[in-house]
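The values are calculated or read from the model by the stated rules, or taken from the named source; none is laboratory data. None of these values were measured; they are calculated from a predicted model. Methodologically, a virtual Cβ is constructed for each residue, glycine included, from the backbone with ideal geometry; neighbour enumeration extends over all protein chains shown. Just the protein is used for accessible areas: all its heavy atoms, side chains included, with ligands, DNA and RNA removed. Shrake-Rupley method; radii C 1.70, N 1.55, O 1.52, S 1.80 Å.
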Amino acid sequence: MTELKPDQFEMRRLESLSNTIFGVAMTLLAYDLPKAAVFSSTPGWSDLAHVYSGKLAGLALSFIIAGVFWISHHRRLARQPVGGRGVVILNLFFLLSIVLLPVTNGLYTNFAMSRAVAVLYGLHLTAIAGLNAWLWWTILGGWRHEIMASLFPLLVFIPGTVVAAFAPHVAPFVWFVAFGGLLIQRFYAAPARTDA
C-alpha cells in the first residue's frame, strides 16, 4: 500500500461514514409519517389516502433523491481512493446536506403548499446537487459525461425552486425531472462499453 502524505486521507473511511449517514438520513425520512394514533376509529381507504397520500409522495421524492446521490457519491469515491484535505471537507459539507434532508423533507411533507417551505426544500435540493457537481468537478477536472450527469439535477432544481415560489403544487413534478441525469449517465456509458 502506498504511504499517504500528511495532507491526504483514505477515502474508504469517508465512504464508511457516508454509508452510515445516507442510511440514517434515508430511514429518518419516514419519521414524520403519521402514526396510527391520528385515527380515532378504524380508518377506511379514503381516510388512509387523505392522511398519507401527500406525505408518501414527499417521502418517495426525498428517498429517491437521496438514493441517486448516494449512488453518485459511491461512484465518485471509487474513482478517488485518496483525497486531500479540501476534498474531504467538501465531502463533509455534502454529507451535512444529506443529514439535513429529513428536516426539510419533514417540513415539505407537512406544509407542501407553503411557498416558503417549498422554496426552502428546493434550495436544499439545489445545494445537494451543487455540492455533488462540485465534487465531481474536483475529481475529473474537466468536461466529461459524469460532469454533465451531475450538472443535470442542478439545472433542474434551480428552475424547480423558482416554480415553487409561484406554484408549490407544480414544483415536485419539475424536481422529478432531475432523475434524467441517470439517463444521461446511461446514454454516455453505453457506447463506452461497446468500444472496449
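In table form, for the structure just shown:
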quantity	calculated
Residues of segment 13-63 satisfying the condition of being assigned to a helix (DSSP H, G or I) and of a type in the set (Lys, Arg)	Arg13, Lys55
Criterion violated by Val87 - all others in (1) open to solvent by 50 Å² or more (accessible area, probe 1.4 Å); (2) hydrophobic (A, V, I, L, M, F, W, C); (3) in contact with a strand residue (DSSP E or B) (Cβ under 9 Å, 6 or more places away or on another chain) satisfied	(1)
Given (1) in contact (Cβ under 8 Å) with a residue 12 or more places away in the chain; (2) open to solvent by less than 50 Å² (accessible area, probe 1.4 Å), number of the condition Arg115 does not satisfy	(2)
Among residues of segment 82-100, those that are in contact with a helix residue (DSSP H, G or I) (Cβ under 8 Å, 6 or more places away or on another chain), at pLDDT below 90 and over 14 Å from Trp136 (Cα atoms), counted	1
Exclusive hit being within 18 Å of the chain's Cα centre (by Cα), in a helix (DSSP H, G or I), without any contact (Cβ under 8 Å) to a residue 40 or more places away in the chain and closer than 21 Å to Ile128 by Cβ, set Phe93, Phe69	Phe93
